[in-house]
Amino acid sequence: MTQAITPECAKIVEVIARNAGDLALSHFHKLSTVPVEAKGHLDLVTAADQEVEAFVTRALIDAFPDDGVFGEEGASRDGKSGRTWVIDPIDGTFNFVRGGDQWAVSIGLYQGGRPVFGVIHVPVRAQTLIGGDGFASTLNGEVMAKRKGMKAAQAACGVGFHPIIPIDLRLDTLRFVLDEAKMSFRCCGSATLSLIEIAQGQVDGYLGTGESTWDLMAAIPILENIGIGCTVDWSQIDLNDKLRFACGTPEFLNAVAPIIPYGTVLRWD
């Protein structure tokens, strides 16, 4: 497997993610004073999101001046190296605003038309995940176990829907999960945290509808190293696209293939 970045560079990104998490926590501990805006119904952005993204952007440009940067809150910088760092400053902003612990700082590297490396830091839970091309996937420094299989009697998946997604499409997805696939489901409000749940064996997979590329850019390389696949065909994806995808063990992906096969794109009537 080709190594996208050196161990020294990976450590730099880890430190950036941890420092960004500390910055986000400083806002989290004084939520009553954090300005909150609505990008849409149930789609929020805070001053913390904007400040964390600005911090991460500056730090990445300082560390990797030839690389590009692309962020949820508007960060956009073309690079010369062919590498682009994709930032989700606080994935799970709604949870953040409500005082929950299911939010994370996510920094992924996009190179050669696909995600190749990622760092995820979950500040309230003190969890840091790192992995990708040339790097074993680790959780707080411990190598993560490979994942495979799915027990029918315990099958469970995470689900996530962007607020723009029509109700009928959401209900059709849940009907499939409950009736045809006969799985339990959970919705935690953060794609990144839902994907971490797969890595930890808490669910077998995740169905995302309306997610953005920054929601999974860091997680995908980490998960691929431990046997977890994804249906996104990155050769057909622009970084601004909204996605409909499945991510999970091979057995999970086979079970949900009737509604989300490999290469599915987001569309509705």
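Every read-out reported here was derived from the displayed coordinates using simple, explicitly stated rules and does not represent laboratory data. Here the structure is a predicted model, which is why all the values come from computation and not from measurement. Note that we place each Cβ from the backbone using ideal geometry, even for glycine, and neighbour counts take in every protein chain shown.
Look at I167, I16 and count the other Cβ atoms within 10 Å of each Cβ; fewest to most, that gives I167, I16.
Hydrophobic long helices, here whole DSSP H runs in the chain with Kyte-Doolittle means of at least 1.0 and Cα atoms spread over 20 Å or more along the helix axis, are not found.
Each principal axis of the Cα cloud of segment 152-256 was evaluated for its coordinate range; sorted largest first, these ranges are 36, 33, 22 Å. Given R0 = 22 Å, the distance between the Cβ atoms of A257 and D168 translates into a calculated FRET efficiency of 0.55. Per-residue Cβ neighbour counts within 10 Å put R170, R83 in the sequence R170, R83, beginning with the fewest. Considering only the Cα atoms of the chain, their convex hull presents on average a projected area of 13.3 nm².
Distance from the Cα centroid of segment 136-157 to that of segment 44-104 is 27 Å (rounded to whole angstrom). Summing Cβ point charges (Lys, Arg +1; Asp, Glu -1) relative to the Cα centre of the chain gives a dipole of roughly 540 debye. Computed extension length for D22-L239: 75.4 nm, one decimal, from 0.36 nm per residue of separation with the Cα-Cα distance subtracted. Packing around the peptides 228-239, 104-115, 144-155, taken as the average count of other Cβ atoms within 10 Å per residue, puts them in this order, highest first: 104-115, 228-239, 144-155.
Per-residue extension of 0.36 nm, minus the Cα-Cα distance of D62 and S76, leaves a gain of 3.6 nm for this segment.
Three principal axis extents of segment 130-171 based on alpha-carbon atoms, in descending order, are 41, 30, 18 Å. Between C187 and T6, the simple spin-label model (points 7 angstrom out along Cα→Cβ) gives 4.6 nm.
Fewest-first ordering of C9, C187, C157 by other beta carbons within 10 Å of each residue's beta carbon gives C187, C9, C157. Taking the chain as a Gaussian network of alpha-carbon nodes connected by springs under 10 Å, the highest mean-square fluctuation of the residues G82, G205, G132 belongs to G82.
When both bridge partners sit in the chain, DSSP labels roughly 75% of those beta bridges antiparallel.
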